[in-house]
Amino acid sequence: MDRVSAIDPGRLRALQRVGMLSGFAAGAWLGAAEAPTKLVVLGIPPVTISFMMVLGVFLARWSLPALVRGTAAVTEDVRQAPHLVIWAALAGCLWAVANTLTVFAIKDIGLSIAFPLWNANSLLGILWGTVLFNELRSAGRPRVLAVLGGAALMFVGATLLAIASSTSVPGGSALRGVAAALMAGALWGTMYIPYRKAYLTGMHPMSFVAFFTIGELGMMSLLAVTFSGGVGPLWADLVRSRDVLFWIMLAGFVWVVGDLFQQYAAKYVGISRGIPLSNTNQLWGLAWGILVFGEVGGTKVIGGSLLMALGAGAIALASASGAEHQRWQEAGARESERYGVDPAYVAAGLAGQDAIAARTRRRPIDWVIVAIATIVFVWFGSAARVPALHVAWGWAAVLTLALVGFVVVGGVGLWRATRLG
């Protein structure tokens, strides 16, 4: 390991703590982001919902980095590691397809059942992290057993949920919904390969998510036009649904907040731990589905969700040892050499330092991006109405307050430990 210097043990522990905290915050926000997709029960086509959600995601993925770091810092990250733009675009394509599949799954089997099924992506996260990026190497037997045991619990939980879904939904739609949810999980699990490559190479999470939108919006536009039968029918669907489009775009914005926390979790505790930890969103999805939208839970649904959550917790709490983290650094050195990235840039990224933002300034374009995103949201919001859904507003308020608490605690933790680096 001659190209990336070792990280101080105290610093490493601090990064591990903030990575775990980010994973929990990600779970809360990612869980809430799926709630507005319940609008599919009003007859809005799934691809229309997914398209508008991705539009909200696009606005958020550019406005938040512009506001927090500035586009000059994003540009400098790209100059340091231009190959990651391609990986980010590929990840965006996978996300767009997976997100569309989740809407179909929610339509067929409901939010509280679909959520844990697509969270099987944790299993792929463990596989890819171990095989490709030296995660769990030199971790020690107790940590490896905790991760594998957690994966087994998650598999059992997913099986219970699949059984529950097959008996709670009439006709053949249950099998279709289960297939859509599991396929979404497979795509999301594979999407984490570009995530880990980015952070082992030193790229900042806010720069990565900005270029994520290239593939994301392009792929979603293609899917929307194809499934709708052309641009004209897609536009007609959007016009018919104009009074609820704001809520779908808001879901995209909420998703980005959760995804940013998930990116930090993947950066500081790895995808084999960070992804299962962020998959506590299954409990938040269960809460929104049952408490807010009145979905029927049942013993198998609740039991399966709790088993999956216990499995994720066991995986997440098996924190990386110094020896294992050294193997991560070796993987970072390998990425640095493969793509010709400055070793100092890689070392700073692994240590949670953002030297680029400290030497760059905001530009007028940053405020233009933030203003455009704000205007678009306000314009759609002015035409919005409350959907004709059964909603328990008291529980919705409680869960929303919990979201605020998570973003405050998670944001403060990241700022203190890394200055959002």
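Structure summary
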| quantity | calculated |
| --- | --- |
| Residue match in segment 122-140 (condition: open to solvent by less than 40 Å² (accessible area, probe 1.4 Å), among the hydrophobic types (A, V, I, L, M, F, W, C), modelled with pLDDT under 75 and more than 23 Å from residue 26 (Cβ to Cβ)) | no |
| Residue match in segment 221-229 (condition: hydroxyl-bearing (Ser, Thr, Tyr), modelled with pLDDT under 80 and buried (at least 19 other Cβ atoms within 10 Å of the Cβ)) | no |
| Residues of segment 253-289 satisfying the condition of being part of a helix (DSSP H, G or I) and β-branched (Val, Ile, Thr) | 254, 256, 257, 269, 271, 275 |
| Pair list, Cβ < 7 Å and 6+ apart or interchain, from segment 319-342 residues that are within 21 Å of residue 10 (Cα to Cα) and open to solvent by 70 Å² or more (accessible area, probe 1.4 Å) to residues that are part of a helix (DSSP H, G or I) and among the aromatic types (Phe, Trp, Tyr) | none |
| Selection within segment 203-231 - more than 14 Å from residue 53 (Cβ to Cβ), more than 17 Å from the chain's Cα centre (by Cα) and either assigned to a helix (DSSP H, G or I) or acidic (Asp, Glu) (or both) | 218, 222, 225, 226, 227, 228, 231 |
| Cβ pairs under 6 Å, 6+ apart, first in segment 101-120 and more than 12 Å from residue 308 (Cα to Cα) and at pLDDT below 75, second in a helix (DSSP H, G or I) and open to solvent by 10 Å² or more (accessible area, probe 1.4 Å) | 112/286; 112/290 |
| Tabulated pairs, segment 354-376, first free of Cβ contacts under 8 Å to residues at least 40 places away in the same chain, second aliphatic (A, V, I, L, M) and open to solvent by less than 60 Å² (accessible area, probe 1.4 Å), C-beta under 6 angstrom, 6+ apart or interchain | 355/348 |
| Segment 1-55 - residue that is closer than 21 Å to residue 346 by Cα and part of a loop (DSSP other than H, G, I, E, B) and, of those, modelled with the lowest pLDDT | 1 |
| When residues of segment 373-416 are limited to those that are of a type in the set (A, V, I, L, M) and farther than 24 Å from residue 281 by Cα, the one most open to solvent (accessible area, probe 1.4 Å) | 375 |
| Residue check for residue 66: more than 23 Å from residue 269 (Cα to Cα), open to solvent by less than 10 Å² (accessible area, probe 1.4 Å) and assigned to a helix (DSSP H, G or I) | yes |
| Residues of segment 342-400 that turn out to be part of a helix (DSSP H, G or I) and within 19 Å of residue 250 (Cα to Cα), as a count | 21 |
| Count of residues meeting criterion [in contact with a Phe, Trp or Tyr (Cβ under 8 Å, 6 or more places away or on another chain) and open to solvent by 10 Å² or more (accessible area, probe 1.4 Å)] in segment 245-286 | 10 |
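The values are calculated or read from the model by the stated rules, or taken from the named source; none is laboratory data. Computed from a predicted model, the values in this text were never measured in an experiment. Using ideal geometry, Cβ is built from the backbone for each residue, glycine included, and neighbour counts are taken over all protein chains shown. To get the accessible areas, we keep the full protein, side chains included, count just its heavy atoms, and leave off ligands, DNA and RNA. Shrake-Rupley method; radii C 1.70, N 1.55, O 1.52, S 1.80 Å.
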